[in-house]
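Structure record follows, encoded as structure tokens.
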């Protein structure tokens, strides 16, 4: 499997390369970029145990001087204190303005490494080496970097585009099933907001909850079409002045659920799945699309083994009020109004501030009647 997708931007375009076995050929992919000799490879202990030796060997063989920095795994560590570890490693490695930070890991490693690259020496080069499905199809593309604030997710950050995104599908073979399902949430998102044909492919699949049930052909389509969708949106709106906001479908309520459960109970993809179901029902309440379309979305989310209801700790009147309060800290709030991305049909959405608190409260209140149990297998 090999394909190249271009992210066309006015100042710095780059490629998303999907290449089986690409990690072992990392030096080959980096050499055309004319990077400086010093590299800092950022990862977490679990990912580095599996893939660090391969990455470091490929880089060393290509003549690069490689230092490493390992971060604790988990959304709750996406903090200024953890970011400081990257800065300390950059200082110890004596990174220069010609140096590069490489992110080997999932979305958390990518977000934090990118933010470190954006701010070290006022900005140095950055390369994404995503190891999770979620990072491959979403987090690694588009240049959004950042860390969390105790009151909200990704409130501290910067746009800093990578020089390259190298996706090696072989790395998915060791991805835990729960993390594969988390990535499927973002894939489903692309089907709903942009690519009806992709959604129909997902709809036709018997199971989406583990990679072993997904054919090689469907996996290639998932990676390619999702990356193409993200690249097209980012190319048209690099810094979320308009169109790019549609990529936040499911994330408004999803981010609130993540933060209110301490980033421990649900992972990002599970929260996005819950948020997409809620957004679909808000769209029904506002007569933007019919219940039948919302039901189609719910069935695909369920086929991916993802939750469709609020977790028990929030599935009560007090929890719902907590969600409504948390929405006011969302990055998309304008003039005090929460802006939701809502579907009008499979493959098309709108951004609107017409979903008032009463509508959201009513949708969430109905949703608590049949909570789904989160699987941690």
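From the list 39, 35, the lone residue that is assigned to a strand (DSSP E or B) and more than 22 Å from residue 219 (Cβ to Cβ) is 39. Scanning region 250-274 for residues that are touching a residue at least 24 places away in the same chain (Cβ under 8 Å), part of a helix (DSSP H, G or I) and within 22 Å of residue 366 (Cβ to Cβ) yields 251, 252, 253, 255, 256, 257, 258, 260, 270, 272, 273, 274.
Suppose we keep only residues that are under 18 Å from residue 49 (Cβ atoms) and in a loop (DSSP other than H, G, I, E, B) within region 62-101. Which one would you say is modelled with the lowest pLDDT? Selected residue: 74.
Please verify whether region 201-212 includes one or more residues that are in contact with a strand residue (DSSP E or B) (Cβ under 7 Å, 6 or more places away or on another chain) and either modelled with pLDDT of 95 or more or assigned to a helix (DSSP H, G or I) (or both). Quick ask: steps written out before the conclusion?
Taking region 201-212 and keeping what is in contact with a strand residue (DSSP E or B) (Cβ under 7 Å, 6 or more places away or on another chain), we get none.
No - not one qualifying residue is present in region 201-212.
Residue-by-condition table, conditions (1) in a loop (DSSP other than H, G, I, E, B); (2) within 14 Å of residue 253 (Cβ to Cβ):
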| site | (1), (2) |
| --- | --- |
| 284 | no, no |
| 295 | no, no |
| 298 | no, no |
| 308 | yes, yes |
| 313 | no, no |
| 322 | no, yes |
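Determine, yes or no, whether residue 51 is outside the structural domain of residue 226 (by TED's automatic domain parsing), under 28 Å from residue 176 (Cα atoms) and at pLDDT below 95. Taking the combined requirement at face value, the residue does not satisfy it. Looking across region 213-239, the residues that are part of a loop (DSSP other than H, G, I, E, B) and out of contact with any helix residue (DSSP H, G or I) (no Cβ under 8 Å at 6 or more places or on another chain) come down to 215, 239. Checking the stated criteria, residue 104 turns out not to satisfy the condition of being assigned to a helix (DSSP H, G or I), touching a helix residue (DSSP H, G or I) at 6+ places or on another chain (Cβ under 8 Å) and either in the same structural domain as residue 301 (by TED's automatic domain parsing) or under 27 Å from residue 25 (Cβ atoms) (or both). So is residue 59 assigned to a helix (DSSP H, G or I), modelled with pLDDT of 95 or more and in contact with a helix residue (DSSP H, G or I) (Cβ under 7 Å, 6 or more places away or on another chain) or not? Spelling it out, residue 59 is indeed assigned to a helix (DSSP H, G or I), modelled with pLDDT of 95 or more and in contact with a helix residue (DSSP H, G or I) (Cβ under 7 Å, 6 or more places away or on another chain).
Can you find a residue that is more than 18 Å from residue 275 (Cα to Cα), surrounded by fewer than 23 Cβ atoms within 10 Å (Cβ to Cβ), free of Cβ contacts under 8 Å to residues at least 40 places away in the same chain and in contact with a helix residue (DSSP H, G or I) (Cβ under 7 Å, 6 or more places away or on another chain) anywhere in region 187-199? Among the residues of region 187-199, not one is more than 18 Å from residue 275 (Cα to Cα), surrounded by fewer than 23 Cβ atoms within 10 Å (Cβ to Cβ), free of Cβ contacts under 8 Å to residues at least 40 places away in the same chain and in contact with a helix residue (DSSP H, G or I) (Cβ under 7 Å, 6 or more places away or on another chain), which makes the answer no. Hey, among the residues in region 22-51 that are out of contact with any helix residue (DSSP H, G or I) (no Cβ under 9 Å at 6 or more places or on another chain) and crowded, with 17+ Cβ neighbours inside 10 Å, which one's nearest to residue 89 (Cα to Cα)? Here the residue is 38.
For the criterion of being assigned by TED's automatic domain parsing to the domain that holds residue 346, in contact with a helix residue (DSSP H, G or I) (Cβ under 8 Å, 6 or more places away or on another chain) and modelled with pLDDT under 95, residue 290 fails. Would you confirm whether or not region 22-36 contains a residue that is within 30 Å of residue 260 (Cα to Cα) and touching a residue at least 12 places away in the same chain (Cβ under 8 Å)? Within region 22-36, none of the residues are within 30 Å of residue 260 (Cα to Cα) and touching a residue at least 12 places away in the same chain (Cβ under 8 Å).
So, residue 94, is that one farther than 30 Å from residue 176 by Cβ, surrounded by fewer than 20 Cβ atoms within 10 Å (Cβ to Cβ) and touching a strand residue (DSSP E or B) at 6+ places or on another chain (Cβ under 9 Å) or not? In short, yes. Checking each residue in region 329-344 for being farther than 15 Å from residue 278 by Cα and either touching a helix residue (DSSP H, G or I) at 6+ places or on another chain (Cβ under 7 Å) or surrounded by 14 or more Cβ atoms within 10 Å (Cβ to Cβ) (or both) picks out 329, 330, 331, 332, 333, 337. Which residue is surrounded by the fewest Cβ atoms within 10 Å (Cβ to Cβ), if the candidates are limited to region 247-287 and must be in contact with a helix residue (DSSP H, G or I) (Cβ under 6 Å, 6 or more places away or on another chain) and on the phi > 0 side of the Ramachandran plot? It comes out as 263.
The values are calculated or read from the model by the stated rules, or taken from the named source; none is laboratory data. Keep in mind it's a predicted model, so treat the numbers as computed, not measured. Cβ atoms come from the backbone with ideal geometry, glycine included; neighbour counts cover every protein chain shown.
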